[in-house]
Amino acid sequence: MKPFLSRLRALPFLPYAVLFLGIASLTRLALTLFTGTEKTPLALWPGIFVHGFGFDLATLTWLLAPMLLWAALWPTRWRNTRWQGGLRLVLFCVLAALLLFGALSEWTFWEEFATRFNFIAVDYLVYTHEVIGNIVESYPVVPLLGSVVALAAGLTWLFRRPIRTAAAPSTRAPGRVVYAALAFLLPWGAGQLSDIDQMQFSGNAYANELAGNGLMTFFAAYQRNELDYDRFYATLPTAQAAHILGELGVEREPLSHVLYPEENASEAFDPAHSPFKRPPRNIVLITVESLSAKFLGSFGNPDGLSPRLDALAKEGVLFTQLYATGTRTVRGLEALSLGTPPIPGQAIVRRPHNEHLATLGEILRRQGYETFFLYGGYGYFDNMNTYFAGNDYQVVDRTDFPKASVGFANVWGVADEFLFDNSLTQLDQAYAAGKPFLAQIMTTSNHRPFTYPDGRIDIPSPGKREGGVKYTDYAIGRFIDQARSKPWFKDTLFVIVADHCASAAGKTSLPLEGYRIPLILYAPDLLKPGRDDRLASQIDIPPTLLDVMGLPGDDYFFGISLFEQDEPGRPQNRRVFISNYQELGYLKDGKLVVLGPKQRVDTFQIDAKGDATPTATVPRLRDEAIAYYQSAFKAFKEGALKLDATPPR
């Protein structure tokens with residue numbers, strides 16, 4: 001035994017490897033215990049830790065690579081000097097602090113998203129002001145960081161002897177060559193033998209995520225922020241995909257009648273095919289941050305978090321089976337402005353060459369509307385200002401609000417009531433100028449750190465998620481009360497919809513209930529109250545709004561007006577699109593088709609509770625899913641989503 005231990009001590013980088021593997025394994029154990037056996041059955045635990053240890057070893061090779069390179073290049077005269085032992089201790093302590101900080105970050109990330117680091121974490125590195133401010137306002141940062149430093153120092157002191165006495169790397173030429181070769185071969189070999197897709201070892205999404213290593217998933221997400229559909233996903237011949245969409249009623253007619261209205265007659269409002277008494281002149285589209293359907297009393301929540309929204313749902317039309325396209329605000333903004341299925345990787349809002357697309361605002365601006373994007377935060381976050389300004393929306397964010405008009409704000413944005421106050425000012429000005437308007441208002445208060453003004457609701461600030469929901473509900477109700485006194489109210493349709501759910505975690509990679517959001521159409525002078533329990537997608541909202549206004553352009557979108565889908569003679573096409581950054585879901589006829597990288601196609605049967613069970617692939621549904629997602633990707637990549645300024649021939 002002693003000779004074996006002596007050989008181990010002779011390995012110069014062993015203390016650092018043990019430190020990394022120990023913290024990674026303990027992090028996985030802590031997250032698994034926190035998740036619990038209800039979500040991750042005990043039968044899956046061996047797989048979690050066996051696969052997880054493999055991913056940890058693969059990640060370790062990348063950590064050891066710079067150390068091995070140092071061993072190959074470090075001058076001989078600097079080795080085994082008196083200060084080398086102290087330098088090792090310092091390096092060990094710094095590494096321990098960084099790894100412990102990473103473990104703490106993974107804990108908070110898991111608590112919020114129930115996943116290892118993914119593309120959201122990558123984005124958070126870009127928007128440090130909001131993220132750091134959010135952390136400072138949500139957690140006791142100083143005590144936590146102090147604990148990390150103290151624990152790192154304690155580990156260093158505990159293992160000071162093996163760290164100081166570890167053998168120095170060989171100084172001979174053959175040894176240096178071996179170190180240099182290993183610095184490149186180990187990461188390369190790990191990359192060949194391990195792949196982030198190997199995390200999918202079970203049918204349980206929680207277990208698959210727990211098996212991962214946070215550093216590995218972080219860098220995989222960075223690499224996959226933009227995925228080429230044709231390279232990674234199942235495809236169809238272009239003509240076949242177009243034919244399938246045509247059969248589904250997705251014609252995507254040219255927009256020449258919008259660009260050159262003098263050459264084309266406008267569509268007339270048809271009361272026989274519309275639930276509206278007359279077309280609304282104005283649209284106020286309220287996009288609510290993280291408003292899962294499960295928070296509303298209208299969907300069975302007993303906690304009384306949404307009294308104002310529930311009242312508006314009874315007085316308007318409530319859609320109970322509407323699903324968000326993704327898990328991030330940019331996905332919701334993409335769907336609600338562009339009406340296109342989500343493409344893999346980053347949302348179009350975040351991509352280059354996303355200006356002058358056929359967005360709802362761009363189409364209405366060409367028809368004489370004032371179009372606004374109003375946001376309570378800093379609109380540079382997630383590229384929102386650039387995207388909306390590039391698509392002919394007038395952007396108004398917190399930097400444009402008069403200081404006296406903001407009574408409360410946190411790092412994420414001004415409190416929703418003050419956002420709505422400033423929005424009313426813009427809408428009044430548009431009305432006074434004689435212009436019809438579209439205003440898309442993006443709220444922020446239902447977001448960590450969940451702080452808001454005192455005395456508004458019966459949950460003190462900070463009120464966690466429940467307080468955030470109830471305060472936003474209060475602010476929306478207050479806004480509608482104020483709007484009722486405006487001369488433009490009777491001609492305005494208020495659309496209240498979430499950008500995405502508060503959480504999309506579940507036992508499957510695309511848990512259906514993690515995407516269900518409310519949609520309320522409220523226009524008491526124009527629209528009779530009602531309820532629609534049929535499937536609906538977030539991408540159907542832009543064409544629906546153009547349809548009910550009797551304006552041209554609704555047939556251009558991939559989405560289809562909710563009031564046209566069931567007209568006599570039209571194809572029955574109630575379907576839903578849901579996604580994360582790499583998996584693309586298509587729900588129809590009780591089955592969910594999931595397209596994944598490496599041309600993977602999975603199909604699930606969805607029961608009454610929304611739970612998914614693997615089932616045989618249905619070729620027609622598979623081809624419909626591919627046709628939609630492939631065509632949407634090609635349309636953006638090839639510029640077919642842009643409003644073409646060339647006159648028709």
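Only the coordinates and a few stated rules stand behind these numbers; no lab work does. Small disclaimer: the values here were computed from a predicted structure and weren't measured. Here the Cβ positions follow ideal geometry from the backbone for every residue, glycine too, while neighbour counts run over all protein chains shown.
Toward the positive end of the charge dipole of the stretch 486-561, about the Cα centre and with charges on Cβ (Lys, Arg +1; Asp, Glu -1), which of 536, 502, 487 goes farthest? Highest projection toward the positive end goes to 502. Based on C-alpha pairs under 8 angstrom that are at least 6 apart in sequence, the chain has a relative contact order of 19 percent. Applying 0.36 nm per residue to the separation of residue 69 and residue 239 and subtracting their alpha-carbon distance, the gain on full extension is 55.9 nm.
Among the trypsin sites (Lys or Arg not before Pro) in the stretch 532-606, those located in a DSSP loop and surrounded by at most 15 other Cβ atoms within 10 Å of their own Cβ are 598.
Regarding the chain, what's the average projected area of the Cα-atom convex hull, expressed in nm²?
If you wrap the Cα atoms of the chain in a convex hull and average its projections, you get 33.6 nm².
Distance between the C-alpha centres of the stretch 599-615 and the stretch 466-495: 38 Å, rounded to the whole angstrom.
Give me the extension gain from residue 164 to residue 466: residue separation times 0.36 nm, minus the current Cα-Cα distance, reported in nm with one decimal.
So the chain would gain 103.5 nm between residue 164 and residue 466.
Counting only C-alpha contacts under 8 Å and six or more residues apart, can you give the relative contact order of the stretch 485-533 as a whole percent?
Contact order relative to length: 45 percent.
Would you work out if the stretch 284-559 is rounded, prolate or oblate? Take a ≥ b ≥ c from the square roots of the eigenvalues of the alpha-carbon gyration tensor; rounded if a/c is under 1.5, else prolate when a/b is larger than b/c, oblate otherwise. Rounded. Label zone (residue 638, point 7 Å along Cα-to-C-beta; backbone nitrogen cut-off 13 Å) within the stretch 594-614: none.
Over every Cα atom in the stretch 500-553, the radius of gyration and the widest Cα-Cα span, Dmax, amount to 14.7, 44 Å. Near residue 289, once Lys and Arg are set to +1 and Asp and Glu to -1 for all other residues with Cβ below 10 Å from its Cβ, the sum equals -2. Checking the Cα-Cα distances for 528/609; 588/642; 435/470; 507/598 against a 25 Å cut-off, the pairs over it are 528/609; 588/642; 435/470.
Where in the chain lies the longest segment free of GluC sites (Glu not before Pro) that are both loop residues by DSSP (not H, G, I, E, B) and have at most 10 other Cβ atoms within 10 Å?
That would be 39-637.
Ranked by the mean number of other Cβ atoms within 10 Å of their residues, highest first, the peptides 499-506, 147-154 fall in the order 499-506, 147-154. Share of pairwise Cα-Cα distances greater than 16 Å in the stretch 438-510 is 59 percent (whole percent).
Scanning the chain for DSSP H helices at least 27 Å long along the axis (C-alpha atoms) with a Kyte-Doolittle mean no lower than 0.5 picks out 14-35, 45-73, 82-113, 173-193.
Using r as the Cβ-Cβ distance of residue 311 and residue 107, and R0 as 35 Å, what FRET efficiency do you calculate, to the nearest 0.05? The computed FRET efficiency comes out at 0.35. Sites listed here are chymotrypsin sites (Phe, Trp or Tyr not before Pro) in the stretch 404-507 whose DSSP assignment is loop and whose Cβ has at most 12 other Cβ atoms within 10 Å, and the list is empty. In this rough spin-label picture, where each label sits 7 Å from Cα along the Cβ direction, the residue 609-residue 180 distance is 6.1 nm. Comparing Cα centroids, the stretch 363-394 and the stretch 404-447 end up 13 angstrom apart. Highest mean packing first, where packing is the average number of other Cβ atoms within 10 Å per residue, the peptides 606-614, 547-555, 58-66 line up as 547-555, 58-66, 606-614.
Net charge dipole, the chain: roughly 3440 debye, given to the nearest 20, about the Cα centre with Cβ charges of +1 for Lys and Arg and -1 for Asp and Glu. Once the Cβ-Cβ distance of residue 18 and residue 278 is raised to the sixth power relative to R0 = 56 Å, the FRET efficiency obtained is 0.15. Taking Cβ atoms as reference points and 15 Å as the exclusive limit, the residues near residue 107 contribute a net charge of -1, counting Lys and Arg as +1 and Asp and Glu as -1.
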